[in-house]
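Have a look at the structure below, then the notes.
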Amino acid sequence: MGDVAALLKENLANVRGRMSAACQRAGRPADSVALVAVTKTVDAATARMLYDLGVRDFGENRVPQAEEKAAALSGLDIRWHMIGHLQRNKVKKALPLFGMIHSVDSLRLAKEIDKEAQKRGSAIDVLIQANTSGEESKFGLAPGDALPLVKEAAGMAGLRVRGLMTMAPFYDNPEDCRPCFRALRELRDEIAKAGIENVEMKHLSMGMTNDFEVAIEEGADIVRVGSALFRGIVPATQH
Ligand SMILES: *Cc1c(COP(=O)(O)O)cnc(C)c1O
């Protein structure tokens, strides 16, 4: 256990160091980027160690796993982020768990979230997931569909649109991800310019272990990092 904690501490310091170096290169304040620790490959006890190291934002890509971990870590001031594809039949379960859903990629999903959030008398922060890589991908809207969806979602009392999310394809050279990240930033700026009421195009959730530095250089203010934090730690479960 002690070894795992020490390793985590070292990995976290490494990731944070690389994040601030990227901020510096981009002329941005070191605290302008939030780290979401993606805990999908580790158990609740490992996540808890990260919490003890000061991490408060955790990401999961599946509702049942998030539910399990949130239950194991209940009572802690953790903000859970839904970063994976969300099925409509999981929305009801997802709402009480998550502080933010990064992966809204259809009007049907937005409507379901709105309906269930309103039933709870609440509203949830969401990001619209766009596919700006031009590569075939199962998830993420075509960039041209983002503005129309944001306009629709703006009228939904159960949703607060707070920005955009993307996932770059895996490239050996992270530089190859740059156009994808740049395109998301430009899309964000374009939607922000439309000045839609109830919409705040504040967040850009982009960048993972392989490419978060490039994402920060291109304006990410949320990076979602898993592998780099858990390097050397045996996964508890494999999803
Ligand atoms: C798994 C995952 C991450 C983290 O990926 P790593 O390469 O392990 O850092 C980020 N975003 C999403 C949507 C994921 O599913």
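Okay, here's what the table says:
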| read-out | value |
| --- | --- |
| Carbon/sulfur fraction of accessible area - the chain, other protein chains in place, 1.4 Å, % | 48 percent |
| Reachable aspartates and glutamates, given that their alpha-carbon falls under 16 Å from the alpha-carbon of residue 40 and they are not under 8 places away in the same chain | 57, 60, 67, 68 |
| Long-range HN-HN contacts of residue 34 with modeled amide H, under 5 Å | 222, 223 |
| Difference of contour (0.36 nm per residue) and Cα-Cα distance, residue 21 to residue 182 | 56.1 nm |
| Distance between modelled label sites at residue 30 and residue 118, nm, 7 Å Cα→Cβ extension | 4.6 nm |
| Restraint check, 90/193; 69/151; 92/138; 9/92; 9/193; 69/111, Cα-Cα greater than 29 Å | 90/193; 69/151; 9/92; 9/193 |
| Cα-Cα pairs of the chain separated by more than 23 Å (percent) | 48 percent |
| Candidates 140, 158, 121: whichever shows maximal mean-square fluctuation once the chain is modelled as a Gaussian network with Cα springs under 10 Å | 121 |
| Whether the stretch 122-239 is rounded, prolate or oblate, judged on the alpha carbon gyration tensor where a/c under 1.5 counts as rounded | prolate |
| Environment charge of residue 14, counting only residues whose C-beta is closer than 13 Å and scoring Lys/Arg +1, Asp/Glu -1 | +2 |
| Protection proxy ranking of 209-216, 164-171, 197-204 - average other beta-carbon atoms within 10 Å, highest first | 209-216, 164-171, 197-204 |
| Amide H contacts under 5 Å for residue 167, placed H, 5+ residues apart | 132 |
| Label point distance in nm, residue 6-residue 197, each placed 7 Å from Cα along Cα→Cβ | 6.0 nm |
| Quotient of C-alpha Rg and 2.2 N^0.38 Å, computed over the stretch 85-177 | 1.13 |
| Accessible area per residue in Å² at 1.4 Å probe, computed on the chain | 47 Å² |
| The stretch 93-123-the stretch 187-239 distance, computed between alpha-carbon centres (Å) | 20 Å |
| Pair residue 72, residue 234: separation of 7 Å Cα→Cβ label points (nm) | 1.5 nm |
| Per-residue HN-Hα couplings for the stretch 144-155 [Karplus 6.51, -1.76, 1.60; θ = phi - 60°; Hz; x = Gly/Pro] | x, 8, 5, 4, x, 5, 4, 4, 5, 5, 4, x |
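The values are calculated or read from the model by the stated rules, or taken from the named source; none is laboratory data. Note that the coordinates shown come from a computational prediction; the quantities given were computed from them, not determined experimentally. Note that each Cβ is placed from the backbone with ideal geometry, even for glycine, and that neighbours are counted across all protein chains shown. These accessible areas exclude ligands, DNA and RNA; they are computed on the full protein's heavy atoms, side chains included. Shrake-Rupley method; radii C 1.70, N 1.55, O 1.52, S 1.80 Å.
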